[in-house]
C-alpha cells in the first residue's frame, strides 16, 4: 500500500491528550486557541465488500480466471484507511455577518489494491447574507478536486481494431466539482430550506476521451425539527439533472460509447440525538435515484434504452467520548437494478451490483 504522506506519529500524539477531556481541546493545546481558526483531524478504518461495484456475474468471472487482463485488482473486497484534515476560519468581513472559509484534504489508502488509492481536496466559503439570526439567509460555495480515481479495466475499441486483438486499458479520471447553495431559515431553530446547483466535471485519461463530460444537478432541500425542546431533525431532498458526455469522437473508425444520462433522485434523512455533555446521535438516510441513458446508438446494447434504479442506505452512530474526541460507526449499502430496452438480449444482472461498507472513525477537535 502507498505510504501516507503525513506522519502517523503526529496524529497519535494529538489523540493522546484528547483522552483527558479538559479545557482547552487537544488541538488547541497543540496549535493554540483561536476564536477564528479551527482544526479537525479524522482517522477512519473502512471495510468495503465490493470496491468496484461489480455485478455477481463479473465477480464469478474474477474468481474463475485469476490473473485475467480483465482485472487489475487483487481482491473484490478491501480495507481502506482514510486520513482527513479539516481547517476552518471565521471572520466578520461584513458588519454583523459572519464569513467562514473551509478547507479539507483526505487520503484514501487501500490495503491490497493500491491502484484504487486517491486524494481529495475541498475548498468552501459560507457567507451570511442577513444579520437576523431568526431568519438567517446564507450562501455556500464549495469547490472540490479528486485526482487519478480508478474505475475498472475496459476494452479500447480503436486500439483493439488496429492491433487485431483485444486490448484493455485502465479507466481513470480527475474530477472537479463546484456547487452553489442558498439556505434560508424560515422558523428559528426549526425549519430550514435550501436550493442549489452543482457541476461535476470529469476528465478521463487519453484512452477514453469520449467519456469526458459534465454532470449537472439542481436540488432543493427541507430540514425540520419537529420538537422545540429536542435537536431531532428530519428532512428530504429532491435532485435532478444529468451527465452530458462527449460521446463519439471525430476521426475514429468505430463509434465511441456515449455514457450520457438524465437522472432524478429523492433523499430522506433523520438525526436522532441524546445526551448533553457527552452527546451522541444516530443518523439515517436513504436515496433513490433513477438514471435514464440517452444514447441514440442502437448498437450500444449495454446502454441503449437502459434505466438504472440506484439505492443508497446509510446508518451512522456518532458518540462524543470527550470534549475533544468523537467516535463514529457507519454502515452503508448501495445497490443498482438495471433494466434494458425491450428486445435487447443481455446477460441477466449485467449491470446490477450490491456494495456494503462498514467503517469506524475517530475525529479530534
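The values are calculated or read from the model by the stated rules, or taken from the named source; none is laboratory data. Please read these numbers as outputs of a predicted model, since none were measured by experiment. Don't worry about glycine lacking a Cβ; one is built from the backbone with ideal geometry, like all the others, and counts go over all protein chains shown.
For residue 334, the conditions (1) surrounded by fewer than 17 Cβ atoms within 10 Å (Cβ to Cβ); (2) out of contact with any helix residue (DSSP H, G or I) (no Cβ under 6 Å at 6 or more places or on another chain) are fulfilled apart from (1).
Take residue 250 and decide whether it is surrounded by 13 or more Cβ atoms within 10 Å (Cβ to Cβ) and assigned to a loop (DSSP other than H, G, I, E, B). Criteria not met by residue 250. For residue 171, the criteria (1) exposed (fewer than 15 other Cβ atoms within 10 Å of the Cβ); (2) part of a strand (DSSP E or B); (3) touching a helix residue (DSSP H, G or I) at 6+ places or on another chain (Cβ under 8 Å) hold in every case but one, which is (1).
With respect to the conditions (1) over 21 Å from the mean Cα position of the chain (by Cα); (2) under 20 Å from residue 233 (Cβ atoms); (3) in contact (Cβ under 8 Å) with a residue 12 or more places away in the chain, residue 274 lacks only one, and its number is (3).
Residues that are without any contact (Cβ under 8 Å) to a residue 12 or more places away in the chain and either in contact with a strand residue (DSSP E or B) (Cβ under 6 Å, 6 or more places away or on another chain) or farther than 26 Å from residue 84 by Cβ (or both) are absent from region 136-156 altogether. When residues in region 233-271 are screened for being out of contact with any helix residue (DSSP H, G or I) (no Cβ under 7 Å at 6 or more places or on another chain) and either modelled with pLDDT of 95 or more or under 24 Å from residue 308 (Cβ atoms) (or both), 26 of them pass. For residues in region 116-133 being in a loop (DSSP other than H, G, I, E, B) and in contact with a strand residue (DSSP E or B) (Cβ under 7 Å, 6 or more places away or on another chain), which is surrounded by the most Cβ atoms within 10 Å (Cβ to Cβ)? Per the stated criteria, the residue is 117. Taken over region 227-245, the residue count meeting the criterion of being in a loop (DSSP other than H, G, I, E, B) and either touching a strand residue (DSSP E or B) at 6+ places or on another chain (Cβ under 6 Å) or without any contact (Cβ under 8 Å) to a residue 12 or more places away in the chain (or both) is 4. Here residue 202 fulfils each of the conditions (1) more than 22 Å from residue 177 (Cα to Cα); (2) assigned to a strand (DSSP E or B); (3) touching a helix residue (DSSP H, G or I) at 6+ places or on another chain (Cβ under 9 Å) apart from (1). When region 279-293 is limited to residues that are within 15 Å of the chain's Cα centre (by Cα) and within 14 Å of residue 331 (Cα to Cα), the one that is surrounded by the fewest Cβ atoms within 10 Å (Cβ to Cβ) turns out to be 286.
Of all residues in region 57-77, those that are touching a residue at least 40 places away in the same chain (Cβ under 8 Å) have Cβ atoms under 6 Å from Cβ atoms of residues that are surrounded by 15 or more Cβ atoms within 10 Å (Cβ to Cβ) and in a loop (DSSP other than H, G, I, E, B), 6 or more apart or on another chain, in 73/113.
Yes/no per residue for (1) surrounded by 15 or more Cβ atoms within 10 Å (Cβ to Cβ); (2) at pLDDT below 95; (3) in a helix (DSSP H, G or I):
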residue: 12; (1), (2), (3): no, yes, yes
residue: 21; (1), (2), (3): yes, yes, no
residue: 53; (1), (2), (3): yes, no, no
residue: 61; (1), (2), (3): no, yes, yes
residue: 103; (1), (2), (3): no, no, no
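Among the conditions (1) at pLDDT 95 or above; (2) under 19 Å from residue 328 (Cβ atoms), the only one that residue 275 does not satisfy is (1). Looking at residue 202, is it surrounded by 15 or more Cβ atoms within 10 Å (Cβ to Cβ), in contact (Cβ under 8 Å) with a residue 12 or more places away in the chain and in contact with a strand residue (DSSP E or B) (Cβ under 8 Å, 6 or more places away or on another chain)? So residue 202 fits the description; yes. Of the candidates 265, 351, the single residue that is surrounded by 15 or more Cβ atoms within 10 Å (Cβ to Cβ), within 16 Å of residue 55 (Cα to Cα) and in contact (Cβ under 8 Å) with a residue 24 or more places away in the chain is 351.
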